[in-house]
Amino acid sequence: MKPRGNFWSKLAHGFTPSIMEGDSCQIGYTESRGVSIQIENLNKSFGGNHVLRDVSLNIEPGETFSIIGPSGTGKSVLLKHIVKLEKADSGRILINGQDINQEQQEMPQDFRYSMVFQSSALFNSLTVGENVGLWLREKRICGEIRIRRIIREKLRLVGLERKEDMRTSELSGGMKKRVAIARSLAMNPDLILYDEPTAELDPVTSDELARVIMDLKREVNLTTIIVSHDLNFALYLSDRVAMMHDGQVVAIGTPEEIKKSQNPVVRKFIYTTTKGIQGERD
């Protein structure tokens, strides 16, 4: 009889070899589907600093929605509220109609979100493929054969085919961002959030990243929220854009509407950005 230690090791973690080594996934691992988000009169203060002031937004399922504005206007704080990393002083957030701010209320059932951090937050000691498959393996979502296929597919979506064996430490800043996106996509999220995705990237690399995200819009059905001070990046990618200033939403519209806005705060932001108002990329 063959030793059964490996079997019991896997069983102790809740899965038999047929699951861990095979081509199946847990029932809850479904394809991405966009979610709706309603933010109603959200307020947040840190000490005497009123960071969010009656913020209200409606984001449609499958929409790419950007929140722009200078640093310190509350953009990233708002993002943290959506994923429950911060708790509002007042107001509420509904995802697919469910209020996530109520006591004891969990995220809506079967709802998955993922966040692409400003720093990419990759593990340099791991390969590209190991970074992308980290969540799937830690949560034992799928069998190993399926995980490897998912890794290849998500890397293909971000233009990194056959890069799974590279060390993350060998990658450029732009490639690290793309690996971080692939890792987020491996969760099949219904909502993906980007916090300052072009931070520390040169203009050429920012353009490449924008094209990757634009391609994802065509291939993956999910809701996307981008927080950025990069005006052109937001205008190029977004279905709609919200401008924040001093903790408030001062304008909401399509990219064309934002570019044509006569709001003095919007006009000032447009004409003080280094890239101007071109809003178009080749």
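Per-structure values
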| quantity | calculated |
| --- | --- |
| Taking SER66, SER24 and counting other C-beta atoms within 10 Å, the order from fewest to most | SER24, SER66 |
| Two-site FRET efficiency, LYS268 against ASP99, from Cβ-Cβ distance with R₀ of 45 Å, rounded to 0.05 | 0.80 |
| Listed pairs LYS139/LYS163; LYS176/LYS259; LYS84/LYS260; LYS154/LYS259; LYS177/LYS259 exceeding 26 Å between Cα atoms | LYS176/LYS259; LYS84/LYS260; LYS154/LYS259; LYS177/LYS259 |
| Ranked list, fewest to most other Cβ atoms within 10 Å of each Cβ, for MET214, MET243, MET115 | MET214, MET115, MET243 |
| Stretchable slack from PHE46 to SER71, in nm (0.36 nm times residue separation minus alpha-carbon distance) | 7.4 nm |
| Share of Cα-Cα pairs in region 122-188 lying beyond 13 Å, as whole percent | 55 percent |
| Region 147-189: GluC sites (Glu not before Pro) falling in loop per DSSP and having at most 12 other Cβ within 10 Å | GLU161 |
| Packing-based exposure ordering (other Cβ within 10 Å, fewest first) of HIS229, HIS81 | HIS229, HIS81 |
| Inter-site label distance for SER172 and ARG211 at 7 Å from Cα along Cβ, in nm | 1.2 nm |
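Taken together, the values in this text are just the output of simple stated rules run on the coordinates, not laboratory data. Worth saying up front: this structure is predicted, and the values here are computed from it rather than measured. Positions of Cβ are generated from backbone atoms using ideal geometry, with glycine treated the same way; all protein chains shown enter the neighbour counts.
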